[in-house]
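Below you'll find the structure, written out as structure tokens, and then a few comments.
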Amino acid sequence: MKHGFGVIGNGGMGDWHVRRAQAGDVLDVIAVHDIKESRNVFAEQKRGVKAYRTLEEFLADKSIEIVTVATPNDVHESLAIACMEAGKHVISEKPVTLSVASLERMIAASKRCGVRFSVHQNRRWDADYLVMKELFEKQTVGEVLNIESRVHGSRGVPGDWRGIKKYGGGMLYDWGVHMIDQMLMLFRDVKLESLFCQFDHITTNEVDDGFKLTMCFENGARAYIEIGTYNFITLPRFYMQGKHGTALIPDWGKPCQVVECFGWDEKDVTPIQAAAGLTKTMAPRDEVTTKSFEIALPESDPHDYYRNFCAAIEGREEQIVTHGQMLRVMRVIEAAFESDAKKQVIKFEE
Ligand SMILES: NC(=O)c1ccc[n+]([C@@H]2O[C@H](COP(=O)([O-])OP(=O)(O)OC[C@H]3O[C@@H](n4cnc5c(N)ncnc54)[C@H](O)[C@@H]3O)[C@@H](O)[C@H]2O)c1
């Protein structure tokens, strides 16, 4: 059974949704709506999809059951609530909205209107994240003490609405929300105790053009997220330290390197002469105390997000991206803004 589908905001990501939905197995693309005429014409001419010139006409189309809102971030709330009040199930692009209070209004609207509501956290299907998640859950390198997630580029904030504060620009709302969601899913059963965040303003003062965020969890583990847009030399995408080993994904699409260690508490190390001088700290490990191997990145299909959303509408599955998870991510984002503004560690209650 296919569900009637529509997109509001037919820009880069809106068109991505249209194409994926057309190629997929659970949605029947009915129409788009954009305030820019060129994007309506694009949908009609390039994708063969109806385009409504007004929101009212779009909302009045009863064959549209599910709407994805893919506009700039500041209007996600108003458009999502308008769709819900018209009886439509809603997926908001990320970030779902700009504040906890706004998200609470959206959740209240979905309950009031009796419709499904979620956010498109498609990067839960990223192959690199899935490998890290499996290592984390199986404790392949032991209990994880530290995990670092980085996205590095060298082009600054894109020159569109992402560079403008009132539209919800900045890298925390852009890449940050994906990486925070991934990290909080790893630590979904562990309380977050505190966080510290510093924004970068290397190319603009209007919004953050990168940030460094450290989150400390109740079990002593630490998660670090760094988005940089002025990194001409990049650091690895993922780095994980467990009690018995290390895992690293050097870059997008690259296999994961793992070293498991069996004799980590070995004390009788013979010093070696290294470039750093005479050292025990950097004396290399041998194959008796360590095992090194690679894990190829798995296949994954982000359209499973839509399959699940449709199954949830039909009552066959639980919604994967829950309201509780959305609120947790948004609370972390608010606390990160507060931390940067106050230059302080923020205590987190949950
Ligand atoms: N999940 C992901 O991986 C991912 C990737 C890129 C973008 N996004 C998100 O998708 C959303 C859109 O990003 P984009 O890169 O496609 O931006 P974009 O600028 O390419 O497209 C936005 C479109 O929305 C239209 N629009 C603006 N206000 C509108 C309104 N009130 N009603 C109808 N249409 C309106 C614009 O005319 C434009 O065509 C953002 O929330 C962004 O964060 C998500």
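Summary of values
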| item | result |
| --- | --- |
| Partners for residue 133 among lysines (Cα-Cα distance below 19 Å; same-chain residues under 8 apart left out) | 191, 243, 254 |
| Dipole axis of the chain (+1 Lys, Arg; -1 Asp, Glu on Cβ), positive-most option in 310, 277, 168 | 168 |
| Computed [θ] at 222 nm, deg cm²/dmol, the chain (DSSP H ≥ 4; -39,500 (n - 2.57); rounded to nearest 500) | -9000 deg cm²/dmol |
| Set of aspartates and glutamates with alpha-carbon distance to residue 291 below 14 Å, sequence-local pairs under 8 removed | 260 |
| Region 145-226 - convex hull of the alpha-carbon atoms, volume per residue in Å³ | 89 |
| Pairs of alpha carbons in the chain whose separation is greater than 37 Å (percent) | 25 |
| Per-residue HN-Hα couplings for region 218-226 [Karplus 6.51, -1.76, 1.60; θ = phi - 60°; Hz; x = Gly/Pro] | 4, 7, x, 6, 10, 10, 10, 10, 9 |
| Fraction of beta bridges assigned by DSSP in the chain that are antiparallel (%, nearest 5) | 60 |
| Cβ charges +1 (Lys, Arg) and -1 (Asp, Glu), total dipole of the chain, debye | 440 |
| Set of lysines with alpha-carbon distance to residue 50 below 24 Å, sequence-local pairs under 8 removed | 2, 36, 62, 88 |
| Nonlocal amide H pairs with residue 290, under 5 Å, H built at 1.01 Å | 262 |
| Karplus (6.51, -1.76, 1.60) ³J(HN,Hα), θ = phi - 60°, over region 167-173, in Hz, Gly and Pro reported as x | 8, x, x, x, 7, 5, 6 |
| The chain - percent relative contact order, Cα under 8 Å, separation 6 or more | 16 |
| Kyte-Doolittle mean at least -1.0 and Cα axial length at least 24 Å: DSSP H helices in the chain | 323-342 |
| Ordering of 314-321, 334-341, 201-208 by burial proxy (mean other Cβ atoms within 10 Å per residue, highest first) | 334-341, 201-208, 314-321 |
| Debye, to nearest 20: dipole size of region 1-149, +1 on Lys, Arg Cβ, -1 on Asp, Glu Cβ | 320 |
| Where Rh is the Kirkwood radius over Cα pairs, Rg/Rh for region 3-120 | 0.94 |
| Charged-residue dipole, Cβ positions (Lys, Arg, Asp, Glu), region 81-128 about Cα centre, Debye nearest 20 | 180 |
| Selected from 43, 345, 153, residue furthest toward positive end of dipole (the chain; charges at beta carbon) | 43 |
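Rule-based calculations on the coordinates, nothing more; no lab input. These figures come from a predicted structure and were not determined experimentally. No Cβ is skipped: glycine too gets one built from the backbone with ideal geometry, and neighbour counts run over all protein chains shown.
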